[in-house]
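Structure, as structure tokens:
The values are calculated or read from the model by the stated rules, or taken from the named source; none is laboratory data. Quick caveat: nothing in here was measured; it's all calculated off a predicted structure. Cβ sites come from the backbone with ideal geometry, for glycine too, and all protein chains shown count toward neighbours. Remember, those area values only see protein heavy atoms, side chains included, never the ligands or the DNA or RNA. Shrake-Rupley method; radii C 1.70, N 1.55, O 1.52, S 1.80 Å.
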Amino acid sequence: GECAAVERGAVSDGGGAFAGVQLPAAVVAELASRGVLEPLPIQQASIAAVLSGESVVLHAPTGSGKTLSFMLPIAHRMHGLGGPPLGRALVLVPGQELATQIAAEARALFAAYAEASGTVPMRVGLLLEKEENIGTEQAAELATSALLVATPNPLVSALRSERLSPVLFLNELVVCDEVDALLQPLGRYAIVKDKEMRLRHPMAATLALGAMVAQHLGPAPQGRQLDREISTGGQHRTRGVKLGREAAATSAPGKSRREEALEVEWAPPFQLVALSATVGRPLRDELRRVLRAPSVHVLRLITDSNSPDFPAPHFAAPRPSARSW
């Protein structure tokens, strides 16, 4: 089919097709050196969406290949080989070990694309320290990185600094890997005390994402004002949009008529790709609040089943000994 295995999708320059994307020979060789010969289910279901610039939530077990689902489209777009042009991207992860691993994988993939194009590899930055501990040389490297991999607290510190914030706010694509660990959303039946504590002390990732959203949409409203803005789409007007029986008949399952009307005009401040082995309504609601979106449905849920729109089960997979691309 369209999503052929690399070894079966050879083209004239020695490259091949992977999840419907035509890859240069050097990239095919880099993937093959890691044992990646054909797309895994989550890669096949999601790479085209990420490449096109769509904001999505990817739901698949740990070790199922979610990293390549966003890394390959990022590299492809940054090198002008497909999809909307992409200048800068940010990958936010919960821990230093994962950040270091993803940065290494990105550098290897960028090197393969650079070899194919005969250019110098694009820089991959790693932000693991608070801004005050970063020297001038390292700050310059971070500022000139096409892709930045960061953990939450150092990112918040950098966003508040005069040296790095102007550059960090230019990210056109933000990836939240293990987003459930980053945001740690409260469950539906969380007690009032826990909710009040979370309001006073938000997660660092929530603060970072909120700051980047505010750069595009202005300061975030507070409390009930925020709930009202979300429910009415903020400044997005719905005048003239049909909300009668005709609209109800065409509404997607799980969406209200008002949600569908608001989604028509709402656009995210940047492309967001969120990944998690566990996805439930609390997590999707938290993403909606952070993005100030009118509905959880503005971020399409893609699973590793044969159908991208198949409702994802709630499960937590055991962590394998080796992380898969």
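Descriptive notes on the structure:
- The set of residues in the stretch 146-177 being small (Gly, Ala, Ser) and closer than 18 Å to GLN96 by Cα consists of ALA150, SER157, ALA158.
- For the stretch 45-83, the candidate set comprises residues that are touching a Gly at 6+ places or on another chain (Cβ under 8 Å) and in a loop (DSSP other than H, G, I, E, B); within that set, the residue that is most open to solvent (accessible area, probe 1.4 Å) is GLY83.
- Restricting the stretch 67-105 to residues that are more than 15 Å from the chain's Cα centre (by Cα) and polar (S, T, N, Q) leaves a set whose member that is farthest from ALA204 (Cα to Cα) is GLN101.
- Members of the stretch 173-197 found to be touching a residue at least 60 places away in the same chain (Cβ under 8 Å) and surrounded by fewer than 16 Cβ atoms within 10 Å (Cβ to Cβ), listed by number: LEU186, GLY187, ARG188
- Residues of the stretch 104-154 that are among the small types (Gly, Ala, Ser), more than 20 Å from LEU209 (Cβ to Cβ) and crowded, with 20+ Cβ neighbours inside 10 Å: ALA106, ALA112, ALA116.
- With respect to the stated conditions, ALA317 fails to be modelled with pLDDT of 50 or more, not in a helix (DSSP H, G or I) and not basic (Lys, Arg).
- Positions within the stretch 198-226 being surrounded by 13 or more Cβ atoms within 10 Å (Cβ to Cβ) and at pLDDT below 85, in sequence order: ARG198, LEU217, ALA220, PRO221, LEU226
- Of residues in the stretch 84-103 being open to solvent by less than 10 Å² (accessible area, probe 1.4 Å) and not in a helix (DSSP H, G or I), the one farthest from PRO154 (Cα to Cα): ALA89
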